[in-house]
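Below you'll find the structure, written out as structure tokens, and then a few comments.
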Amino acid sequence: MLSHFDFNNLGPIEKIQGKNLQNINLIIGANSSGKTFLLKALYAAIRAHEETGRGDEPRDFSDVLGQKLYWTYQTEKLGDLVTRGAQKRFSGSLSLDDNSALAFGFGQDTTLKVAVHHNNLQKREANSIFLPPKEVLGLNKVIVKTTIQDKTFGFDATYSDLVIALQGAIPRGRPMESFTKSTNMLEKMFQGTVEPTQDGDGWIYKKGNSRFSINITAEGVKKISILTTLLRNKYLSPSSIIFIDEPESALHPTAITQLMDIILILAKQGIQFFIATHSYFVIKKLHLIARQEGIQIPLLSPDENNDWAQQSLEDGMPATPIIEESVRLFQEELELLRK
């Protein structure tokens, strides 16, 4: 499990630190505050570590990390990711709960080469994945052509990595025993399953004896089915790390709260989650989970000056614009009822 990270001069984030991270971690903030920037940096670092040395991969970690950052952020050069300002450099470090750690950085003039200052991370057999706001099932062919065949900017590496992960064959029989309950709950949410077409070039939505083109299937169904498929094809396992950007996208409030319940079950099985959200429902549900389960859910959020701090959802709902606006609307409704 990722237990600690420390980033300096990462795009809109001048300094951020995550300490004593848990199986569920929440990131909130206004648009352009750096939530997705942070998620992508964490994902790129941990996924590059997982990919290095696998199979016939000949590159060393520094090269894999540089390429992963380049295709994840899709900037002209890595130096463009550094916070603007004279002599500023990006520096980042992260630690796993086995006491292994990584430290790396680069300057504003850096094209692709990342300087790795320390790396004794232990080899990881598990896979991590990034779930972006947009679903990918209906865009499968476009993503493959753009990113894998043509190698052009458009869909970043989080999308291409996800497409590749979804292509894993689904074994016959039940999913991994520890994930059976979660998989069943996910499939029950939309009373059906998403399955690859016979040629393996696309997807269909199956509900009972009926089959539907993925292109006319609801966005929420496709989004939930991505997580289901990754569990069924065993790409995900205990010790995987899942980064989710805006889980509320295309989901109605009931489905959002159900998804948080499923995330809790998976977290108890050893999967770690980093969730960035704008949703009051996500924050409120995770707050209730923290209180009911008696668990720590670290919450990272910036103030009006974009200075980031950490608190625990178990201690209460955060004082943020998302919560304040929800309270304001409730109070406005009460005023109307009093008239």
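The values are calculated or read from the model by the stated rules, or taken from the named source; none is laboratory data. Just so it is clear, the model here is predicted, and its values are computed rather than measured. Neighbour counts run over all protein chains shown; Cβ positions are idealised from the backbone, glycine included. With ligands, DNA and RNA removed, areas are computed over all heavy atoms of the protein, side chains included. Shrake-Rupley method; radii C 1.70, N 1.55, O 1.52, S 1.80 Å.
Counting only residues that are without any contact (Cβ under 8 Å) to a residue 24 or more places away in the chain and not in a helix (DSSP H, G or I), how many does the range 270-306 have? Number of matching residues: 4. Only one of the numbered conditions (1) over 17 Å from I244 (Cα atoms); (2) out of contact with any helix residue (DSSP H, G or I) (no Cβ under 6 Å at 6 or more places or on another chain) is violated by L131, and that is (1).
Within the range 280-305, being hydrophobic (A, V, I, L, M, F, W, C), closer than 19 Å to G18 by Cα and surrounded by 20 or more Cβ atoms within 10 Å (Cβ to Cβ) holds for I283, L286, A290, I297, L299, L300.
Going by the conditions given, is A126 open to solvent by less than 60 Å² (accessible area, probe 1.4 Å) and in a strand (DSSP E or B)? Judged against the criteria, A126 is not a match. Among the residues of the range 218-252, the one identified as touching a Leu at 6+ places or on another chain (Cβ under 7 Å) and acidic (D, E) is D245.
Quick grid of which residues meet (1) surrounded by fewer than 17 Cβ atoms within 10 Å (Cβ to Cβ); (2) out of contact with any Phe, Trp or Tyr (no Cβ under 6 Å at 6 or more places or on another chain); (3) without any contact (Cβ under 8 Å) to a residue 60 or more places away in the chain:
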site	(1), (2), (3)
V114	no, no, yes
H118	yes, yes, yes
F130	no, no, no
E135	no, yes, no
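The strands (runs of 3 or more DSSP E) found wholly in the range 194-251 and carrying at least 2 residues that are open to solvent by less than 10 Å² (accessible area, probe 1.4 Å) and at pLDDT 90 or above occupy 241-245.
Being buried (at least 19 other Cβ atoms within 10 Å of the Cβ), out of contact with any strand residue (DSSP E or B) (no Cβ under 9 Å at 6 or more places or on another chain), over 23 Å from A276 (Cα atoms) and in contact (Cβ under 8 Å) with a residue 24 or more places away in the chain narrows it down to one of T147, T110, T52, so name that one.
Being buried (at least 19 other Cβ atoms within 10 Å of the Cβ), out of contact with any strand residue (DSSP E or B) (no Cβ under 9 Å at 6 or more places or on another chain), over 23 Å from A276 (Cα atoms) and in contact (Cβ under 8 Å) with a residue 24 or more places away in the chain holds for just one of T147, T110, T52, which is T147.
Would a scan of the range 64-81 turn up a residue that is modelled with pLDDT of 95 or more, touching a strand residue (DSSP E or B) at 6+ places or on another chain (Cβ under 9 Å) and within 13 Å of F7 (Cα to Cα)? The answer is yes, given that some residue of the range 64-81 is modelled with pLDDT of 95 or more, touching a strand residue (DSSP E or B) at 6+ places or on another chain (Cβ under 9 Å) and within 13 Å of F7 (Cα to Cα).
One residue stands out among those in the range 323-339 that are within 20 Å of L286 (Cβ to Cβ) and open to solvent by 100 Å² or more (accessible area, probe 1.4 Å): the one that is modelled with the highest pLDDT, which is E324.
Taken together, the residues in the range 65-79 that are touching a helix residue (DSSP H, G or I) at 6+ places or on another chain (Cβ under 9 Å), more than 17 Å from I164 (Cα to Cα) and either assigned to a loop (DSSP other than H, G, I, E, B) or open to solvent by less than 20 Å² (accessible area, probe 1.4 Å) (or both) amount to 7.
Within the range 33-49, is there a residue that is open to solvent by less than 50 Å² (accessible area, probe 1.4 Å), within 19 Å of I16 (Cα to Cα), in contact (Cβ under 8 Å) with a residue 40 or more places away in the chain and not in a helix (DSSP H, G or I)? Yes.
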